[in-house]
Number of protein chains: 2
Amino acid sequence: MRPTVHDIAASAGVSLATVDRVLNRRPGVRAVTREKVEAAIETLGYVRDMAAANLAKSRVYPLVFIIPTGDNPFMRGLEAEIAVAGLRSPVDRTRLSVLTVPAFDSAALVEAIDRAVSDVPAGLAVVAVDAPEVAAAIARARSAGVPVVTLVSDLAASGRDHFVGIDNIAAGRTAGSLMGRFLGGRPGPVAVLAGSMLVRDHRERLQGFTAALSQDFEPRVILDVLEGQDDPMLAEELVAICCKAHSDLAGIYSLGAGNSGLVTAISAQGRPIRVIAHELTSHTRSALKAGLIDAVLHQDAGHEVRSAIRVLKAKADGVAVIEAQERIRIDIFLKDNLPLEQAGDVREPIGRDD
Amino acid sequence: MRPTVHDIAASAGVSLATVDRVLNRRPGVRAVTREKVEAAIETLGYVRDMAAANLAKSRVYPLVFIIPTGDNPFMRGLEAEIAVAGLRSPVDRTRLSVLTVPAFDSAALVEAIDRAVSDVPAGLAVVAVDAPEVAAAIARARSAGVPVVTLVSDLAASGRDHFVGIDNIAAGRTAGSLMGRFLGGRPGPVAVLAGSMLVRDHRERLQGFTAALSQDFEPRVILDVLEGQDDPMLAEELVAICCKAHSDLAGIYSLGAGNSGLVTAISAQGRPIRVIAHELTSHTRSALKAGLIDAVLHQDAGHEVRSAIRVLKAKADGVAVIEAQERIRIDIFLKDNLPLEQAGDVREPIGRDD
DNA sequence: AAATTTCTGATTTACGTACATCAAAAAATC
DNA sequence: GATTTTTTGATGTACGTAAATCAGAAATTT
């Protein structure tokens, strides 16, 4: 049987109340007594039964997610997954709420963080914007005792407790490596379609892509980045122009959103172009199946949300996280390993979307 | 606040004891009364607080894993991950035990299953062997009230509650697709190195590989399967012979174990051969880095073990599982997206291993 | 040594459920 | 209608922890 507080009390020769004071850092315990208790905890290998503790406290974990507004399908998918996770809230004693703020607006994000912190939630998950004032706001949250994880987009300088998301440099390198192998000896330049070079994730993906493609393969021209603002219409236009300008275009790496425009543009081309894109959506899925896209790199929003919740609860309890379990993987989908379509999958609106 | 048994009792106009009888299927409740209670449960949306219930019952979940003996590194990795998960047993109220049986010995497996069932564990995870008597044993376990999941190797005919593992046909297809793309227009036959065609997983991988490679790419000769018995020495010998016999050998798909022998054989070749293998181990990792292997398909044993535990607990409680969370993914590793090496990773003995 | 402050013990209630016991009520049987 | 059987209610204890109260002991200060 695992030891209980009673065993600790008996073993340390103190009362239950004192053990409780030590465990919950309540005042009124001499240093020597505290050490006796801690020694007993150590030798007996006591671990607090969180289920019983939470029951006694009737504890709930109010968790706040702060994510960007706008029609970025990945972010909307994230929001949907938070809603799905919310259905399980009664079971896992969480209470999830979502704040949305304009994308890339660091002032608004800072305000949202401060507002969220003011009702002392059990944890905070933030899609970070790369700005010093945001880092400062996160640091404030933590010094107010609120655990913070960054979600999708990291901000290591903030001292956040954990980052939930993929390694974007590795994602870019993977894309570059796949592109190099898929192209084989075939000549011709490669284009890169991004949302905006102002976004850290996109910069990192580009960096990894360029590095892998130029390091491990024969020299190849990488054209100037097309910034499609994650807008399908603009993406389509830019890609079409690019195809016209480069009749020998061999491949395209789309590292942001707006892929439906990309697909429209390349399907109009009568020549094979290798395409690697990000995020599995209904569009990229069907383009994969049709052979218009060769590979899709993907991060699973559901996993990210569940991981954020697990990590925040663990941090709130001061418990260690299982690192291996919380590593968010870069999924590589070909048309041959597509997962079955599910109800919760990202579905996009007609016309303007990913 | 979520409703409790007290709310149900009040709402149904019955006593707490009666609610308890209904909830725990104890006798002594008239059908009409039971229906009243069930209606109240329904309308109030009551869900039993499992944490409190488990506390009251001081319930533990004894779970039994049955896996093959032998030096198959993947299976040993699985065993190691079970041990790691066992460290968390006090926290999640499980008690894990492992039975090992000779590989592919269905009689021994049946005996182990029956033995395990005889002390009525809360659940059973079995690396299944494809035989009718095994299916029957699993069916017996289930009708004895013991939830069963198949692990790594499925046996759908058994009526098991759940399968924890990858889709091996999809894995083979993925390998075929990657091989086709990696080879591009380059001519030459492709070899397949398997453990044994008696194993269902290996058969399925081969099937998927052949289908994808012949369906989506120019015609290519796939040589007769080399059966290396998952033995590095034999694998090395077979591959060396094959290379000698086919001077234009373009690629090798290694769908089983014994990869260290494979690597030795191909590194002796002075020509580039595309290689796709299974399972990330210290050997395949370093071969990836060295460029001797192009891609590794991987299933994460830690995830599989944790998933099996979650699913079995859920089945034991009669609770729904989160399907999306329990899907075991096929990881595709290139040298560019290798995860950091960790303490729990599969390390192989010198000389004879994967 | 007395007064004060700080620590510690003993005890109780609570969280939501499980489970057992015994009495009382209702239904079924004769 | 009396008896037996079945169903229901009332109540208490337990699980492991949290949190509060109050009395008493120990340490510190005067």
Please enumerate the residues belonging to segment A:89-109 that are in contact (Cβ under 8 Å) with a residue 12 or more places away in the chain, surrounded by 15 or more Cβ atoms within 10 Å (Cβ to Cβ) and over 16 Å from A:Phe65 (Cβ atoms). A:Arg93, A:Phe104, A:Asp105, A:Ser106
Matching residues in segment A:145-158 - criterion: being outside any strand (DSSP E or B) and at pLDDT 95 or above: A:Val146, A:Pro147
So B:Ser58 passes all but one of these: (1) hydroxyl-bearing (Ser, Thr, Tyr); (2) away from DNA strand C (no atom under 11 Å from the Cβ); (3) farther than 30 Å from B:Asn259 by Cβ; (4) surrounded by fewer than 17 Cβ atoms within 10 Å (Cβ to Cβ). Which condition number does it fail? (2)
Among (1) among the hydrophobic types (A, V, I, L, M, F, W, C); (2) more than 28 Å from A:Gln325 (Cβ to Cβ); (3) in contact (Cβ under 8 Å) with a residue 60 or more places away in the chain, A:Val152 falls short only on (2)
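Yes/no per residue for (1) within 10 Å of chain A (Cβ to nearest Cβ); (2) crowded, with 18+ Cβ neighbours inside 10 Å:
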{"residue": "B:Thr174", "(1), (2)": "yes, yes"}
{"residue": "B:Val190", "(1), (2)": "no, yes"}
{"residue": "B:Leu193", "(1), (2)": "no, yes"}
{"residue": "B:Val199", "(1), (2)": "no, yes"}
{"residue": "B:Glu204", "(1), (2)": "no, yes"}
{"residue": "B:Val221", "(1), (2)": "no, no"}
Would you check which residues across segment B:145-176 are touching a Leu at 6+ places or on another chain (Cβ under 9 Å) and acidic (Asp, Glu) and list them? B:Asp161
Lone unmet requirement of (1) in contact (Cβ under 8 Å) with a residue 60 or more places away in the chain; (2) more than 30 Å from A:Val321 (Cβ to Cβ) for B:Thr281: (2)
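One line per residue, one yes/no per condition, for (1) at pLDDT 95 or above; (2) over 27 Å from A:Ala116 (Cβ atoms):
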residue: A:Arg25; (1), (2): no, no
residue: A:Glu42; (1), (2): no, yes
residue: A:Arg48; (1), (2): no, yes
residue: A:Val64; (1), (2): yes, no
residue: A:Thr69; (1), (2): no, no
residue: A:Glu79; (1), (2): yes, no
residue: A:Ser89; (1), (2): no, no
Under the condition of being part of a strand (DSSP E or B) and of a type in the set (S, T, N, Q), which residue from segment A:73-121 is nearest to the other protein chains (Cβ to nearest Cβ)? A:Thr94
Within segment B:344-354, is even one residue crowded, with 22+ Cβ neighbours inside 10 Å, modelled with pLDDT under 95, within 11 Å of chain A (Cβ to nearest Cβ) and in a loop (DSSP other than H, G, I, E, B)? no
Looking at (1) crowded, with 23+ Cβ neighbours inside 10 Å; (2) within 20 Å of A:Arg220 (Cα to Cα), which is the only condition A:His283 fails? (2)
Scanning segment B:1-27 for residues that are surrounded by 16 or more Cβ atoms within 10 Å (Cβ to Cβ), not β-branched (Val, Ile, Thr) and not in a helix (DSSP H, G or I) gives B:Pro3
Subset of segment B:230-275, residues over 18 Å from B:Asp294 (Cβ atoms) and among the β-branched types (Val, Ile, Thr), comes to B:Ile241
I need every pair where a residue in segment A:226-250 that is without any contact (Cβ under 8 Å) to a residue 24 or more places away in the chain has its Cβ under 6 Å from the Cβ of a residue that is buried (at least 19 other Cβ atoms within 10 Å of the Cβ) and of a type in the set (Asp, Glu), sequence separation at least 6 or different chains. none
Residues of segment A:122-153 satisfying the condition of being touching a helix residue (DSSP H, G or I) at 6+ places or on another chain (Cβ under 7 Å) and among the small types (Gly, Ala, Ser): A:Ala122, A:Gly123, A:Ala125, A:Ala128, A:Ala131, A:Ala135, A:Ala137, A:Ala139, A:Ala141, A:Ala144, A:Ser153
Collect the residues in segment A:42-72 that are more than 14 Å from every other protein chain (Cβ to nearest Cβ) and closer than 29 Å to A:Val149 by Cβ, keeping them in residue-number order. A:Pro62, A:Leu63, A:Val64, A:Phe65, A:Ile66, A:Ile67, A:Pro68, A:Thr69, A:Gly70, A:Asp71, A:Asn72
Matching residues in segment A:7-40 (more than 9 Å from DNA strand C (Cβ to nearest atom) and away from every other protein chain (no Cβ under 14 Å)) number 10
Could you grab me the full set of residues in segment A:302-342 that are touching a residue at least 60 places away in the same chain (Cβ under 8 Å), outside any helix (DSSP H, G or I) and touching a strand residue (DSSP E or B) at 6+ places or on another chain (Cβ under 9 Å)? A:Val321, A:Ile328, A:Arg329, A:Ile330, A:Ile332
Within segment B:122-144, track down each residue that is within 19 Å of B:Tyr61 (Cβ to Cβ) and not in a helix (DSSP H, G or I). B:Ala122, B:Gly123, B:Leu124, B:Ala125, B:Val126, B:Ala144
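The values are calculated or read from the model by the stated rules, or taken from the named source; none is laboratory data. Note that the structure is a prediction, hence the values are computed from the model and not measured. Cβ atoms come from the backbone with ideal geometry, glycine included; neighbour counts cover every protein chain shown.
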